Amino acid sequence: MMELGGNIFLDGFSELNGGEMLIIKKLVGNYVKEVSEKKDNFEKLNLNLNKSVLGEKNVFHITAELRAGEKYNAEVRDGNIFFAMNKVFTEINNNL
């Protein structure tokens, strides 16, 4: 498990390459900043990645749990890791 900034936890992301991780960290950082501006009581964000192969394509399954006073959950599957990240953040934002 990787920890970013003390309140962001990424599990299962270690198998991504360096370039992908750099972009993921930026996406996560920007998202947490956005949430912190909306919700004063941001506590933590947990992201879990499971990567599988279906035929010749990768499938990224991301589950997210955001705690900001309340608990918000999201779950997404997509063939593109960056689209999956965007979808999981959008799903949580729609519930804030």
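The values are calculated or read from the model by the stated rules, or taken from the named source; none is laboratory data. Note that this is a predicted model, so its numbers are computed, not measured. Here the Cβ is made from the backbone with ideal geometry for all residues, glycine too, and neighbour counts use every protein chain on show.
Tally the residues that are of a type in the set (Gly, Ala, Ser) and modelled with pLDDT of 95 or more, restricting the search to the range 38-78. Working first, answer last.
First, pick out the residues of the range 38-78 that are of a type in the set (Gly, Ala, Ser): 52, 55, 64, 68-69, 74.
After this cut, where a residue has to be modelled with pLDDT of 95 or more as well, the list is 64, 74.
Looking only at that region, the number is 2.
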Report every pair of residues separated by at least 6 positions or lying on different chains whose Cβ atoms are under 7 Å apart, first residue within the range 4-24 and at negative phi, second aromatic (Phe, Trp, Tyr).
Met21/Phe13; Ile23/Phe82; Ile24/Phe13
Answer yes or no: is there a residue in the range 67-77 that is touching an Asp or Glu at 6+ places or on another chain (Cβ under 7 Å) and among the charged types (D, E, K, R).
yes
Check whether at least one residue in the range 26-40 is crowded, with 16+ Cβ neighbours inside 10 Å, in contact with a Ser or Thr (Cβ under 6 Å, 6 or more places away or on another chain) and of a type in the set (A, V, I, L, M, F, W, C), and report yes or no.
no
Name the single residue, out of those in the range 64-86 being out of contact with any helix residue (DSSP H, G or I) (no Cβ under 6 Å at 6 or more places or on another chain) and crowded, with 17+ Cβ neighbours inside 10 Å, that is farthest from Ser14 (Cα to Cα).
Ala68
Selection from the range 42-59 of residues surrounded by 13 or more Cβ atoms within 10 Å (Cβ to Cβ) and closer than 18 Å to Ile8 by Cβ yields Phe42, Lys44, Leu45, Asn46, Leu47, Asn48, Leu49
